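The values are calculated or read from the model by the stated rules, or taken from the named source; none is laboratory data. This one's a predicted model, so the numbers in the text were calculated from it and none came from an experiment. Using ideal geometry, Cβ is built from the backbone for each residue, glycine included, and neighbour counts are taken over all protein chains shown.
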Amino acid sequence: MNPGNTTRHGTAVPRADRPRTSPDHVVIIGYGMAGARLATELSAAPDVEVTVLGAEPHRAYNRILLSSVLAGKHAEGDITLTEAAGHGVKTRTGVTVTAIDRAARTVTLDGGEQLGYDHLVLATGSQAIVPPIPGLESPHPRVAAFRTLEDCRRILEAADGARTALVLGGGLLGLEAARGLAGRGLAVEVVHGVGHLMERQLDPGASAVLVRTLAEHGVAVHLASAAIGVSADADGVTLRLDGRNLRADLLVLSCGVRADTALARAAGLRVERGIVIDETLRTSDPRISAIGDCAQFGEVVGGLVAPAWEQAKVLAARLTGAEPAAVYEPSAPVTRLKASGIDLAAMGTLQADPSCEDVSFADPARGTYARLLIRGDRLAGAVMLGDNPNVGQVIQLFDRKGVVPRDRRALLLGRALGGAEAPVATTSPALMPDQATVCQCNTVTKGALVRCWRAGARTVDEVVARTRATTGCGSCKDAVDGIVGWLSSSDSVGVS
Amino acid sequence: MTPSAPPATAVTALPVLPSAREVETHCPYCALQCGMTLREQPDGRVEVAARDFPTNRGGLCQKGWTSAELLDHPERLTTPLVKGRPASWDEAYDYIVAGIERVQAAHGRDAVAVFGGGGLTNEKAYALGKFARTVLRTANIDYNGRFCMSSAAAAGNRAFGIDRGLPFPMADVAAADTLLLIGANVAETMPPFARYLTEQRGSGGAQIVVDPRATPTARAATLHLQPTPGTDLALALGLLHIVVAEGLTDAAYLAERTTGWDEVRRTAAGYWPARVERITGVPVADLEATARALATAERAIILTARGAEQHSKGVDTVTAFINLALALGLPGRPGSGYGCLTGQGNGQGGREHGQKNDQLPGYRKIDDPAARAHVAAVWGVDPDSLPGAGLSAYELLDALGQPGGPKAMLLFGSNPVVSAPRAGRITERLKSLDLLVVCDFVLSETAALADVVLPVAQWAEEDGTMTNLEGRVLRRRALRKPPPGTGTDLAVLAELASRLGQTGDGRSGAGGVRTPRFTADPYAVFEELRRATAGGVADYAGVTWERVDAEQGVFWPCPAADRAGTPRLFEAGFPTPDGRARMIAVEHRPVAEDIDAEYPLYLTTGRVLAQYQSGAQTRRIAALPGGPFVELHPDLAERLGLAEGDQVRVTSRRGELTAPARIVATIRPDTLFAPFHYSGAGRANTLTGDALDPISRMPEFKVCAVRIEPVTP
């Protein structure tokens, strides 16, 4: 059934003799951002049949946007992802896979149904960690993790009519949740166990500015505060810290995630903190791959969308034969906090060493903090918080390992690219050099206007008629008026 | 023999007096078609004056001011050339006709190709298409507008069911509260248009310019977004994402006037601001500011130009900006909408009347049986005798002289040796032809390769109509007759038709085959064009030269002489089968040739103020400054040890260019810019690639991978 097999392996093997290793039926377990992306990538190939199995009852959504839903910016319906169905892709939602039989190459669904595969992809994602704190053993309507669309709905339900909220965990997601709830009018307190926020991405200086910015947006932060107990009742939640208690209407847990490896482990695949994969995205079974949050490549367990999508792209290229030799090469992540009034980008390392240039700018009163670590004219790491017009350029330089500008300030201050030239109209006529072009459209210099004056033109209209200045875009009209006025009032050049 | 034999139809109502020494016409160059008055002085010199026409409002740029200098230029061609030697018109025609007949006998009808131009009048564009389909009966006709307007045209057609550059008069631009310009450097390419931008800013409007370079247009804007070349599509999707995220869509409009929104919305969900920032390099804050400025404006206009369109994903990029405009409910709302800025003088009319490979007059599709029947009836031929769609411009040029490709070509109003992508290869293809015929008034680089060059009239020596970027049909008027020894494009076509066996009487010719009529009289051609376009998308049936004169131009569609033209489209609905605009989901994709270790810089190409297109005209005008150059950032210059004016060599996988360095802080450090007006060692199109848009067949002029090095003396 695979007539298009010719491009599968770009080797010199004659078509008919090629081993038929391209899978006809790919089963993807998990319909999150990684699984959905892979299905879409595979749908471009006409001869691969794809079945996606999703445990959640709804179509795939963009998890990145859950904090926008929490903030009330996106409606739930606005964050669903494009469906790959109709291109040889079958999507089944609300089904759970209970077992993998690697020898028979089948998966078993919760209803007992068995499904065969030629290649299996695990995109099972990750689960929110519920910390081992007394009082969190059993669920309570006023306490919710922040991970899934379902979590999001529960938080919003609890937040309805609430005035205060606690967020346990001052990482990226916790802060986005906090800002989102504050935007809905709740007074929010964030409790973080470490001495500064987002400690894996930020330095203490950036954290200090961020704490201040958060305060301006209705989010108070408690740093270096270990939670030792939770008690929830019908009226609210109490979070016990070492030495004091915080009370609010709801508690959001944002304490990190754990790769969902249960199926893989039960099937005997190699699992450490995640399902171990190589650069071809294969697990310890060559018939099974893993991508996204559940996968561990080297020491890194997933958790971000960009690498998950890159993995999906590489795996699709391999499975369809479009690029049979494609391999996954991880790129360094860029962390971007998206929340109203907070603009934060962090990337790479902020651990300075003597071989680094360490360039920084801080304006805490305006919520701006920027720091670059440069090694060998390349960015080793950066954090940019607040109004940094060049944040896009910094991210691209980091991403593409570009050479940083010789004047490092170009990245820290103002708009570095372009805009450097003062418009002619703002320059005083007397100070303008003769060769300065006043009218770009007709290439008329100040000198040409002066010569025209000296040749007898005495009004703006006469100067315009002779030089054609101002007749193009017209934006130099003020400048020409100014020069003629200056010539009229200046004896030194007003000779006839 | 001269081609200026009496036209078949008597000239009636021609408003040009034989003794005219002053005439109101329009500039020969860009699609703005600035109104100008030409005055012949007693010494024969022609003086140009700006005219207060609704488009240019009395403005002209230096190209327009100096345009008459080419009329009596010493390099003006006044005699046909055969194999580079002066020849009589008779000899030239004999050579051409023998060549065409030989090639057709040996290789079939499609072996003779026709290549037109977006600077030709409506009458010429129409006659050229008719000549190709009825006299040569070749499928292979296309034109240089493929390199210009094809992406915007394809996107406009698939979204709105119509392709008119601006669906509203230019004056609306000045009144917009928010204006978004993508890849448009009008301050240099059509300076008098910038008057509208100045006025728009002056009234407090937000003006946002998207360009990898801080061009004069971008520097004047209230906000400049400076994306990585080739990422405008991601930018558009990111803006749409924000519009959705912030609840700024026009839900009622989407429900009532569009189809396809759900899929478009889901696609946009994948382009959250931080992701788009990483792709484009445009900060999230600027993306948000742009989306909000568009969404909160009472009147908002989005305009694209070649910067967004000349890519292998140009159609999808324009589609993404149209989707953004539709999500905001702009098209058809007073003072709002999406438009594209047409480039060449008759870039609009030139794409409507049949010099495109897949098209018949009136923007009719050549594969539509009803369209074929209508046009064939006007032409007096059997519909089945009309060929189908031929090759698109680049594919056509690339096939010249190849097995199965054309062996002869007639070329009008174009200079592909300079203007085609991967120009080195295209030059070789042109050289491999058995017969190349070029009509021009100077010896352009392409004419220099021709077997036969026919000297033809210039704009001030001919009558006709042009359709400007607003879809306004304008009159080009002759100040004086073409110089002795020269002909006109229309006369050349009429004479060739006659010599190739057409009786020219519209009745039965040899063997009982009905043959079409050709005439050198542009008025008669336009009258026929009106009938041929009647009922088509671009309906000119109600447009007459007299109305154009009386009404300061007429906006098409204008289906009847007693009906007004249509300055604003889409007020009541879209010309699609269900009256709704079609939203089509598109995804960002990378450039065809990304940078790597060997070719670590992007090259983008474009125009400068004092030159026009391939420069065949403007480079010959002494008053216009010019010369090739390469723009690069000071940081890059320092790393290479380059100073201003140093010679640099820029190399791509296709060839190299040498030119002086121009060191400017207005360009991204990862990008070079070179103007494409020049030939020889400074030819930018030696470097550009031939990746084509899958729909429009637009080449990727605006980005390719290069390296740069100093030229060591």
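Out of B:585, B:581, B:592, B:623, report the one residue that is modelled with pLDDT under 95 and among the aliphatic types (A, V, I, L, M).
Going through B:585, B:581, B:592, B:623 in turn, the sole match is B:623.
Quick check on region B:650-676: of everything there that is under 27 Å from the mean Cα position of the chain (by Cα) and small (Gly, Ala, Ser), which residue is farthest from residue B:600 (Cα to Cα)?
The qualifying residue farthest from residue B:600 (Cα to Cα) is B:659.
Across region B:196-220, what is the total count of residues that are in contact with a Lys or Arg (Cβ under 8 Å, 6 or more places away or on another chain), surrounded by fewer than 24 Cβ atoms within 10 Å (Cβ to Cβ) and outside any strand (DSSP E or B)?
Our first condition is that a residue be in contact with a Lys or Arg (Cβ under 8 Å, 6 or more places away or on another chain); within region B:196-220, this holds for B:207, B:212-213, B:220.
Then keep just the ones that are surrounded by fewer than 24 Cβ atoms within 10 Å (Cβ to Cβ); that gives B:207, B:220.
In the following step, the residues that additionally are outside any strand (DSSP E or B) were identified as B:220.
Here the count works out to 1.
Hey, among B:131, B:115, which residue is in contact (Cβ under 8 Å) with a residue 24 or more places away in the chain and more than 17 Å from the chain's Cα centre (by Cα)? Spell out how you get there, then give the answer.
Numbers: B:115 fails: more than 17 Å from the chain's Cα centre (by Cα).
Criteria check complete, one pass: B:131.
Pick from B:249, B:290: which is in contact (Cβ under 8 Å) with a residue 12 or more places away in the chain, within 14 Å of chain A (Cβ to nearest Cβ), under 31 Å from the mean Cα position of the chain (by Cα) and buried (at least 18 other Cβ atoms within 10 Å of the Cβ)?
Exactly one of B:249, B:290 is in contact (Cβ under 8 Å) with a residue 12 or more places away in the chain, within 14 Å of chain A (Cβ to nearest Cβ), under 31 Å from the mean Cα position of the chain (by Cα) and buried (at least 18 other Cβ atoms within 10 Å of the Cβ), namely B:290.
Quick grid of which residues meet (1) more than 14 Å from every other protein chain (Cβ to nearest Cβ); (2) closer than 30 Å to residue B:667 by Cα; (3) without any contact (Cβ under 8 Å) to a residue 40 or more places away in the chain:
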{"position": "B:172", "(1), (2), (3)": "yes, no, no"}
{"position": "B:185", "(1), (2), (3)": "no, yes, no"}
{"position": "B:198", "(1), (2), (3)": "no, yes, yes"}
{"position": "B:201", "(1), (2), (3)": "no, yes, yes"}
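If a residue must be at the interface with another protein chain (Cβ under 10 Å from one of its Cβ atoms) and free of Cβ contacts under 8 Å to residues at least 40 places away in the same chain, how many such residues does region B:252-264 contain?
Just the residues of region B:252-264 that are at the interface with another protein chain (Cβ under 10 Å from one of its Cβ atoms), to begin with: B:262-264.
Add one more test, that the residue is free of Cβ contacts under 8 Å to residues at least 40 places away in the same chain, and what stays is B:262.
Total meeting the criteria: 1.
Out of (1) of a type in the set (Ser, Thr, Tyr); (2) away from every other protein chain (no Cβ under 14 Å); (3) surrounded by 15 or more Cβ atoms within 10 Å (Cβ to Cβ), what's the single condition that is false for residue A:82?
Condition not satisfied by residue A:82: (2).
Among the residues of region B:639-649, is there at least one that is buried (at least 19 other Cβ atoms within 10 Å of the Cβ), away from chain A (no Cβ under 13 Å) and under 25 Å from the mean Cα position of the chain (by Cα)?
Going residue by residue through region B:639-649, those that are buried (at least 19 other Cβ atoms within 10 Å of the Cβ) are B:642, B:648.
Now narrow it down to the ones that are away from chain A (no Cβ under 13 Å): B:642, B:648.
Among the residues that remain, those that are also under 25 Å from the mean Cα position of the chain (by Cα) are: none.
Scanning region B:639-649 turns up no residue that is buried (at least 19 other Cβ atoms within 10 Å of the Cβ), away from chain A (no Cβ under 13 Å) and under 25 Å from the mean Cα position of the chain (by Cα).
For region A:436-496, please list each of the helices (runs of 4 or more DSSP H) lying entirely inside it that holds at least 2 residues being in contact with a Leu (Cβ under 8 Å, 6 or more places away or on another chain) and away from chain B (no Cβ under 14 Å).
Numbers: elements: A:446-454, A:460-467, A:477-489.
Passing ranges, in order: A:446-454, A:477-489.
When you scan region A:304-382 for strands (runs of 3 or more DSSP E) that lie fully inside it, which ones turn up with 3 or more residues that are away from every other protein chain (no Cβ under 12 Å)? It would help to see each step written out before you state the result.
On the way: elements: A:334-339, A:342-348, A:357-363, A:368-375.
Of the strands (runs of 3 or more DSSP E) lying wholly inside region A:304-382, those with at least 3 residues that are away from every other protein chain (no Cβ under 12 Å) span A:357-363, A:368-375.
So which of B:119, B:59 is in a loop (DSSP other than H, G, I, E, B), modelled with pLDDT of 95 or more and surrounded by 23 or more Cβ atoms within 10 Å (Cβ to Cβ)?
Numbers: B:59 fails: modelled with pLDDT of 95 or more.
Result of the check over B:119, B:59: B:119.
Residues in region B:101-110: is at least one among the β-branched types (Val, Ile, Thr), over 30 Å from residue B:389 (Cβ atoms) and at pLDDT 95 or above? Let's see the steps before the verdict.
Initially, region B:101-110 is screened for residues among the β-branched types (Val, Ile, Thr), giving B:103.
Then drop every residue that is not over 30 Å from residue B:389 (Cβ atoms), which leaves none.
No, region B:101-110 contains no residue that is among the β-branched types (Val, Ile, Thr), over 30 Å from residue B:389 (Cβ atoms) and at pLDDT 95 or above.
Out of B:278, B:306, which single residue is more than 14 Å from every other protein chain (Cβ to nearest Cβ) and either in contact with a Leu (Cβ under 7 Å, 6 or more places away or on another chain) or over 19 Å from residue B:200 (Cα atoms) (or both)? Show your work before the answer.
Working: B:278 fails: more than 14 Å from every other protein chain (Cβ to nearest Cβ).
Unique residue meeting the criteria: B:306.
Each row is one residue, and each column tells you yes or no for (1) within 30 Å of the chain's Cα centre (by Cα); (2) without any contact (Cβ under 8 Å) to a residue 24 or more places away in the chain; (3) closer than 30 Å to residue A:310 by Cα.
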position	(1), (2), (3)
A:238	no, yes, no
A:242	no, yes, no
A:248	no, no, no
A:255	yes, no, yes
A:286	no, yes, yes
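Might you check whether a residue that is surrounded by 14 or more Cβ atoms within 10 Å (Cβ to Cβ), hydrophobic (A, V, I, L, M, F, W, C), under 29 Å from residue B:429 (Cβ atoms) and modelled with pLDDT of 95 or more occurs anywhere in region B:362-373?
yes
Among A:93, A:98, which is in the same structural domain as residue A:48 (by TED's automatic domain parsing) and closer than 21 Å to residue A:69 by Cβ? Give the steps one after another, and end with the answer.
Values: A:98 fails: closer than 21 Å to residue A:69 by Cβ.
So the residue among A:93, A:98 that is in the same structural domain as residue A:48 (by TED's automatic domain parsing) and closer than 21 Å to residue A:69 by Cβ is A:93.
Being closer than 27 Å to residue B:337 by Cα and crowded, with 24+ Cβ neighbours inside 10 Å, is that true of even one residue in region B:92-113? So that I can check it myself, show each step before the final result.
So the first thing to find is which residues in region B:92-113 are closer than 27 Å to residue B:337 by Cα, and the list is none.
No, region B:92-113 has no match at all.
Could you say which residue among A:345, A:365 is out of contact with any His (no Cβ under 9 Å at 6 or more places or on another chain) and either at pLDDT 95 or above or buried (at least 24 other Cβ atoms within 10 Å of the Cβ) (or both)? So that I can check it myself, show each step before the final result.
Numbers: A:365 fails: either at pLDDT 95 or above or buried (at least 24 other Cβ atoms within 10 Å of the Cβ) (or both).
Selected residue: A:345, the only one of A:345, A:365 that is out of contact with any His (no Cβ under 9 Å at 6 or more places or on another chain) and either at pLDDT 95 or above or buried (at least 24 other Cβ atoms within 10 Å of the Cβ) (or both).
Does region A:383-414 hold any residues that are within 7 Å of chain B (Cβ to nearest Cβ) and part of a helix (DSSP H, G or I), and which are they?
A:391, A:392, A:393, A:395, A:396, A:399
Can you tell me which residues in region B:609-638 are small (Gly, Ala, Ser), in contact with a strand residue (DSSP E or B) (Cβ under 9 Å, 6 or more places away or on another chain) and within 14 Å of another protein chain (Cβ to nearest Cβ)?
Listed by number, the residues that qualify are B:626, B:627, B:637.
Could you identify the single residue in A:345, A:322 that is under 21 Å from residue B:279 (Cα atoms) and among the small types (Gly, Ala, Ser)?
Working: A:322 fails: under 21 Å from residue B:279 (Cα atoms).
Going through A:345, A:322 in turn, the sole match is A:345.
When you scan region A:133-189, how many residues do you find that are polar (S, T, N, Q) and without any contact (Cβ under 8 Å) to a residue 12 or more places away in the chain? Break it down stepwise before answering.
At the first step, the residues of region A:133-189 found to be polar (S, T, N, Q) are A:138, A:148, A:164.
Still in the list and also without any contact (Cβ under 8 Å) to a residue 12 or more places away in the chain: A:138.
Within region A:133-189, residues that are polar (S, T, N, Q) and without any contact (Cβ under 8 Å) to a residue 12 or more places away in the chain number 1.
Answer yes or no: is there a residue in region B:437-460 that is in the same structural domain as residue B:100 (by TED's automatic domain parsing), under 23 Å from residue B:311 (Cβ atoms), assigned to a loop (DSSP other than H, G, I, E, B) and hydrophobic (A, V, I, L, M, F, W, C).
no
If you check B:667, B:695, which single one turns out to be under 20 Å from residue B:394 (Cα atoms) and of a type in the set (Val, Ile, Thr)? Before the answer, list the steps.
On the way: B:667 fails: under 20 Å from residue B:394 (Cα atoms).
Among B:667, B:695, only B:695 is under 20 Å from residue B:394 (Cα atoms) and of a type in the set (Val, Ile, Thr).
For region B:203-219, how many residues are within 22 Å of residue B:152 (Cα to Cα) and more than 11 Å from every other protein chain (Cβ to nearest Cβ)?
3
Residues are listed down the side, and each one gets a yes or a no for (1) touching a Leu at 6+ places or on another chain (Cβ under 8 Å); (2) buried (at least 24 other Cβ atoms within 10 Å of the Cβ):
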| site | (1), (2) |
| --- | --- |
| B:376 | yes, no |
| B:391 | no, no |
| B:399 | yes, no |
| B:412 | yes, yes |
| B:419 | no, yes |
| B:428 | no, no |
